[in-house]
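Here's the structure we're looking at; comments come further down.
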2 protein chains.
Amino acid sequence: MAKVKKQPRPKAETPKGFRDYFGAEVAQRKAMLDEITAVYQLYGFDALESSAVETVEALGKFLPDVDRPNEGVFAWQEEDDWLALRYDLTAPLARVYAQFRNDLPTPYRRFAMGPVWRNEKPGPGRFRQFYQCDADTVGAPSVAADAEICAMLSDVLERVGIPRGDYLIRVNNRKVLNGVLEVMGLADPAQQADVLRTIDKFDKVGASGVRELLGKGRLDSSGAFIDGVGLAEAQIEPVVSFLTTGHQQANLGGMGIQRPLGQGGGQIATSNEGAFITPELSGAVQKNILEELRRIVGSSTQGNEGVDELAEISRLLNVQGYGPDRIVIDPSVVRGLGYYTGPVYEAELTFEIKDEKGRPRQFGSVAGGGRYDDLVKRFTGQAVPATGVSIGVDRLLAALHAKGRLDKATVGPVIVTVMDRDRMSDYQAMVSELRAAGIRAEVYLGNPKNFGNQLKYADKRNAPVAVIAGSEEFDQGVVQLKDLVLGAKIAETATHEEWKEQPAQFEIKRADLVAEIQKILAG
Amino acid sequence: MAKVKKQPRPKAETPKGFRDYFGAEVAQRKAMLDEITAVYQLYGFDALESSAVETVEALGKFLPDVDRPNEGVFAWQEEDDWLALRYDLTAPLARVYAQFRNDLPTPYRRFAMGPVWRNEKPGPGRFRQFYQCDADTVGAPSVAADAEICAMLSDVLERVGIPRGDYLIRVNNRKVLNGVLEVMGLADPAQQADVLRTIDKFDKVGASGVRELLGKGRLDSSGAFIDGVGLAEAQIEPVVSFLTTGHQQANLGGMGIQRPLGQGGGQIATSNEGAFITPELSGAVQKNILEELRRIVGSSTQGNEGVDELAEISRLLNVQGYGPDRIVIDPSVVRGLGYYTGPVYEAELTFEIKDEKGRPRQFGSVAGGGRYDDLVKRFTGQAVPATGVSIGVDRLLAALHAKGRLDKATVGPVIVTVMDRDRMSDYQAMVSELRAAGIRAEVYLGNPKNFGNQLKYADKRNAPVAVIAGSEEFDQGVVQLKDLVLGAKIAETATHEEWKEQPAQFEIKRADLVAEIQKILAG
């Protein structure tokens, strides 16, 4: 009850980079999350909802700027602690598992869905709060866990409405890359990091770009010269072979969903260069890829272990019917290779959409994940094997919209208009009956004076039917029904004469209200 | 890829006052929110999901400490702005309505559900992040909108599993109280505020306590003397009459759900004094209450308007079948009277539970709301009528748990154990078949060496069935099924002899796997 001094009016605006979701948007996302939940549960995963707020300490100071721990995250100080909003669902999982490991089953299969926050510069289509939807298996060392996540991801995509053929899950392995680095004789961690960073640009610059960047350097599209890593041609060759195995041409044009820290995972990162070439999908080609990789990693123990894992994943998936029309081994998957420690997987939608300039391009990535064995170690000192996937829910919704598989708006309620304020309880009785029959319905509760406003309201609500009754109708035991869907169709196509006849409005007996409206809704 | 210096291990803990929700907890809340959503939608309400982060300016500096706008909220500075986590769902609604008022229908019926955050001292059962679930009608001046919210709240409670008779929705009106203040001749705003503050304690101190606090003062239970407002007996009488109209004794013992700012609305506030007396529920008593109120407000215009509104709400609800067994006029509802501008309503669960000391007490409040016409005005200068309710989801879940209407854990997946690592694809094939039949199932993906661990895992997951097959079984085309539900029952009651017979484990043909497990699950 404290008095507030007079001050200028506050602006009614979301903070920059935040947005609101209305009606159909919320309902469609919820429906999608429900479908994904059903698949996750079928696979034995259990829900986890961790708190949105974590200590910065638990999240990890993943950026080196210690004076400003809130770089990249939204953070604030509370006494001696810094608290922050979670930036993904994996860091909280690591904290939860470390905290409750004695009570949780091992392996722990959990799924989580909810908003995450990134303190990044907002841009078009790039928000600072967005949804993630993850499933992870913690404590399972076997690649059977990775294979299972890939199979589940495939089931999820088909369940939410992406038909087989419109998507492809591509699997790679960090260990194979480690084998390649070993074969190159690259033992210096700094140089290894340079190579990893360069490989990460493969999606953007293609094989020739990677070749230049690993060597002397490259003129980028803006005209600036980017210094190269300075490797010899003999060292560069195995890397490029690794990336392009099984491809006629560099695989380009992805839009990345990834989980590595502080890199905007789960959001859009466009690529403008090159064209996406789908890898060949036959089992024979898959076998060739594995053989080729084995050749590239030579005698590297880790490299061979990586190829063995890919072969085992491929075998497990094939016997379950997830063939190369759905899931393929593809060394060109580079996203997150610096972050993951074993198998890496990414789901791409392979159909074309038009970009903002009307040019066709692949829709790109909607989910990604892999194996990471170090996250829990930060807390406990013990390495715990874990593998999991993150689905970019908003990207997946955008894909369904792009394919015309989601409606713009949901059907609104039946609107009972108010002709006579004193009959409010009669109008309320009508909606009670409709609701009892499971029909969305409401009485118009604005100022009823202007009847046109009531019909405009019904329009805006996307109402299928308006009910109209004044004292005359009440006296006769009838009501008027206005079929607004039919009315809209007539308004678009009818002549003035036809329009005047108003066949979309008709009189029914009051007693038949529910049955007549059910008839319209069914039609 | 920046290197992090060696540092002590982070603590794996949520920040104080935050918690995680696991498995069944998440699933049960989701199921409840789905039921509530269904009712809200049936009444024509549309979903809104506003951003979790708002500018402090938009939320309102509801506490006077301008130097620290984060008092009560979690806030942080970003360039010139302060941002904060929403502390309820009403303030964001006001911002959204002001921002999008030209595009939104009027009236705007929206529901919202999600976490809100309070920067308050945590305590037992009192968290700094909790769920709210609101429905509001913005732009509807008629009390038909208030009546409708009360009816909807009644439907919601019955839908989620609170039977009629176990709850009561009580309705009061701020305007009647204003009438009382007018009759008392209390024009001084500071004194009016004192009276409102005192009335707010009615739930805790009862009628005699309010009488003392409005007069000379009162010795509280800790022995401290609380100064009174200093009113004369003739001024005190109408207030006490107002509060106790229709009650034999003061109505005490509520646990408050309320929406006023910064007061912990939606969470638990216990009361230890007095005993709850259910108001009498007959239509005649309701009529008497209205007559009594009319007598108390005398010639006050606003007071009479308030009584008229209560009478109209009562009439509208009665004709729709929401009689005084579900919704009553009750002037003892005082929560939020300082905040709301018209009708105020509160839902209480009337059954008894045992408190932490084993004493019986009313469960108390699970939802509250009312009419507030000023929230949007902050932004636009125009008063916009609004009325709405907030349901304390966690309280409602606690109530269903207290009544034994929710299970502790959900049924886990069927666990296919691993006797022979080399048969992994055979085990995977089994779970594929089970999932295809809609049965939750998984292969054990931990280290399979210790078979006892696998059964312990199945136990921990609350698995109904374990599937067991080694090379011998594979050779014979059979598998072993272990009915873990039956097994647990036998373990509890059986003698050692019976136990040894292990009737809960039996062999079936591999081809009958799905059918046999379906049989167990059905039983």
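The values are calculated or read from the model by the stated rules, or taken from the named source; none is laboratory data. Owing to the predicted nature of the structure, the values given are computational and were not obtained by experimental measurement. Cβ atoms come from the backbone with ideal geometry, glycine included; neighbour counts cover every protein chain shown. In case anyone asks, the SASA skips ligands and DNA or RNA and just uses the protein heavy atoms, side chains included. Shrake-Rupley method; radii C 1.70, N 1.55, O 1.52, S 1.80 Å.
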Subject >> For A:ASP80, solvent-accessible area (1.4 Å; no DNA, RNA or ligand), Å² >> reply: 140
**OP:** Mind ranking A:ARG371, A:ARG361 by accessible surface for me, highest first, 1.4 Å probe?
**Re:** A:ARG361, A:ARG371
**OP:** Give the peptides A:471-484, B:87-100 in descending order of average Cβ contacts within 10 Å, highest first.
**Re:** B:87-100, A:471-484
**OP:** For B:LYS519, list the aspartates and glutamates whose Cα falls under 18 Å from its own Cα; do not include residues on the same chain fewer than 8 positions away.
**Re:** B:GLU433, B:ASP483, B:GLU507
Subject >> Pairwise burial B:A, computed as accessible area of each alone minus the pair, summed, 1.4 Å, Å² >> reply: 8500
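Taking the Cα centre of the protein assembly as shown as origin, work out the dipole magnitude from +1 charges on Lys and Arg Cβ and -1 charges on Asp and Glu Cβ, in debye rounded to 20.
Details: 126 positive and 144 negative charges, 242 e Å.
Here the protein assembly as shown has a charge dipole of around 1160 debye.
Is there a pair in B:LYS121/B:LYS201; A:LYS509/B:LYS175; A:LYS175/B:LYS449; A:LYS30/A:LYS175; A:LYS287/A:LYS354 whose C-alpha atoms are over 29 Å apart, and which pairs would that be?
Numbers: B:LYS121/B:LYS201 21 Å; A:LYS509/B:LYS175 41 Å; A:LYS175/B:LYS449 26 Å; A:LYS30/A:LYS175 38 Å; A:LYS287/A:LYS354 34 Å.
Beyond 29 Å between Cα atoms: A:LYS509/B:LYS175; A:LYS30/A:LYS175; A:LYS287/A:LYS354.
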**OP:** Check the axis relating chain B to chain A and name the residue of B whose C-beta is nearest, distance in whole Å.
**Re:** B:TRP76, 2
Original post:
Other chains near B:434-445: what is the mean number of their Cβ atoms within 10 Å of each residue's Cβ?
Top reply: 5
Original post:
Between A:GLU78 and B:ASP80, what FRET efficiency comes out of the Förster formula 1/(1 + (r/R0)^6) with R0 = 25 Å and r the beta carbon distance, rounded to 0.05?
Top reply: 0.65
Original post:
Residue-wise, which Karplus ³J(HN,Hα) couplings in Hz belong to the stretch A:207-223, taking 6.51 cos²θ - 1.76 cosθ + 1.60, θ = phi - 60°, and x for glycine or proline?
Top reply: 5, 5, x, 4, 4, 5, 5, 6, x, 7, x, 8, 7, 7, 5, 7, x
Original post:
Can you pull the mean other chain C-beta count within 10 Å for peptide A:140-152?
Top reply: 3
**OP:** Give me the angle, in degrees from 0 to 90, between the Cα long axis of helix A:144-159 and the longest principal axis of the Cα atoms of chain A, rounded to the nearest 10.
**Re:** 30
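Would the stretch A:137-208 count as rounded, prolate or oblate if I go by the C-alpha gyration tensor, calling it rounded below 1.5 in a/c and otherwise prolate when a/b exceeds b/c, oblate otherwise? Present the calculation step by step, with values, prior to reporting the outcome.
Values: a/c = 3.43, a/b = 1.67, b/c = 2.05.
Because a/c hits 1.5 or more and a/b fails to exceed b/c, the stretch A:137-208 counts as oblate.
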Subject >> Whole-angstrom gap from the stretch A:78-113 to the stretch A:402-430, using each part's C-alpha centre >> reply: 44
**OP:** Could you tell me the accessible area of B:MET430 in Å² (1.4 Å probe, neighbours in place), rounded to the nearest ten?
**Re:** 0
Original post:
Toward the positive end of the charge dipole of the stretch B:297-394, about the Cα centre and with charges on Cβ (Lys, Arg +1; Asp, Glu -1), which of B:SER365, B:SER299, B:GLY323 goes farthest?
Top reply: B:SER365
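Taking the solvent-accessible surface of protein heavy atoms with a 1.4 Å probe, what is the per residue accessible area of the protein assembly as shown in Å²? Could you put the intermediate results ahead of the total?
Numbers: 43760 Å² over 1046 residues.
On a per-residue basis, the protein assembly as shown sits at 42 Å².
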Subject >> Using a 7 Å Cα-to-Cβ projection, A:ASP308 label spacings across copies, nm, ascending >> reply: 8.7
**OP:** State log₁₀ I(q)/I(0) for the protein assembly as shown at q = 0.07 Å⁻¹ as given by the Debye formula over alpha-carbon point scatterers of equal weight, solvent excluded.
**Re:** -0.73
Subject >> Backbone N within the stretch A:302-333 under 14 Å of label point (7 Å from A:SER282 Cα along the Cβ vector) >> reply: A:324-325
Original post:
If you line up the Cα atoms of chain B on their principal axes, what length do they span on each, largest first, in Å?
Top reply: 94, 62, 53
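For the full complex of protein chains and a 1.4 angstrom probe, list A:THR301, A:THR198, A:THR410 by accessible area with the highest value first.
Details: A:THR301 105, A:THR198 10, A:THR410 60 Å².
The ranking, largest first, comes out as A:THR301, A:THR410, A:THR198.
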Original post:
Counting only the backbone N, which residues of the stretch B:113-153 are under 16 Å from the spot 7 Å out from the Cα of A:PHE474 toward its beta-carbon?
Top reply: B:144
Original post:
Which distances, shortest first and in nm, link A:SER208 to the matching position in the other copies, using label points set 7 Å out along Cα to C-beta?
Top reply: 9.5
**OP:** Put a label point 7 Å from Cα along the Cβ direction on B:GLN505, then list its distances to the equivalent points in the other copies in nm, shortest first.
**Re:** 7.6
